[in-house]
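Below: the structure, in structure tokens.
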Amino acid sequence: MSTDLDTFDHETHMRRAIELAGEAADRGDEPFGSVLIRGDDIVLEASNRVNTADDIRRHPELDLAMRAVREFTPEERAATAMYTSTEPCPMCAGGLRSTALGRVVYSVDADEVVEFTGGGAAVRSAAILDGITGVRGPVLNAEGRAVHEAYDW
């Protein structure tokens, strides 16, 4: 099992996160999806369910953070990367801070999400996760943006 997060198949894992974002949008949720990877294999995945579950906490990043804390040891979490279709929001990044994953990799950054949603100023997850979890991105940005462009923000 590879624990070197740099050797993971970034594009394949990001494509799955983007697929999950598209599935979320297709069912009436906002277009966000995430996977947790350890040993270069998917160990957990989730997509946004805020609308369909009628629960504002059902962001995929926060859902996976909660599940990871319950199901994995701190050492396993440190060897785990999250691939997420969109950079985690401040709520999710706060949950991820407590989870202490090895890395978060995103496709669409927070500034771009503000462009799509018309929301307020972006808060970057790297600032929240600084010193705890490494943050990288964008990966497959055009593919991630396409999901947001197709969504009726």
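The values are calculated or read from the model by the stated rules, or taken from the named source; none is laboratory data. Since we're looking at a predicted model, the values are computed, not measured. Cβ sites come from the backbone with ideal geometry, for glycine too, and all protein chains shown count toward neighbours. Just the protein is used for accessible areas: all its heavy atoms, side chains included, with ligands, DNA and RNA removed. Shrake-Rupley method; radii C 1.70, N 1.55, O 1.52, S 1.80 Å.
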**Message:** Condition first: small (Gly, Ala, Ser), within 17 Å of Ala81 (Cα to Cα), part of a loop (DSSP other than H, G, I, E, B) and open to solvent by less than 40 Å² (accessible area, probe 1.4 Å). Now tell me which residues in the stretch 101-136 satisfy that.
**Reply:** Gly102
**Message:** Of all residues being touching a Gly at 6+ places or on another chain (Cβ under 7 Å) and either open to solvent by 60 Å² or more (accessible area, probe 1.4 Å) or not in a loop (DSSP other than H, G, I, E, B) (or both) in the stretch 67-83, which is nearest to Val135 (Cα to Cα)? Just the residue, please.
**Reply:** Ala81
**Prompt:** Within the stretch 71-127, can you find the residues that are at pLDDT 95 or above, among the small types (Gly, Ala, Ser) and farther than 14 Å from Leu36 by Cβ?
**Reply:** Ala93, Gly94, Ser98, Ser107, Ala110, Ser125, Ala126, Ala127
**Message:** Return the residues of the stretch 86-100 that are hydrophobic (A, V, I, L, M, F, W, C) and surrounded by fewer than 24 Cβ atoms within 10 Å (Cβ to Cβ); say none if nothing qualifies.
**Reply:** Cys89, Met91, Ala100
**Asked** Can you find even one residue in the stretch 1-17 that is over 12 Å from the mean Cα position of the chain (by Cα), at pLDDT 95 or above and surrounded by 22 or more Cβ atoms within 10 Å (Cβ to Cβ)?
**Response** no
**Message:** Quick check on the stretch 22-36. Is at least one of its residues more than 22 Å from Arg145 (Cβ to Cβ), under 15 Å from the mean Cα position of the chain (by Cα), at pLDDT 95 or above and buried (at least 18 other Cβ atoms within 10 Å of the Cβ)?
**Reply:** yes
**Fill in**
How many residues of the stretch 37-59 are surrounded by fewer than 18 Cβ atoms within 10 Å (Cβ to Cβ) and at negative phi? The answer is 10
**Request:** Specify the residue that is surrounded by the most Cβ atoms within 10 Å (Cβ to Cβ); the eligible residues are those in the stretch 137-153 that are hydrophobic (A, V, I, L, M, F, W, C) and part of a helix (DSSP H, G or I).
**Result:** Val147
**Asked** Just checking, which of Glu30, Glu61 is assigned to a loop (DSSP other than H, G, I, E, B), closer than 18 Å to Glu112 by Cβ and of a type in the set (Asp, Glu)?
**Response** Glu30
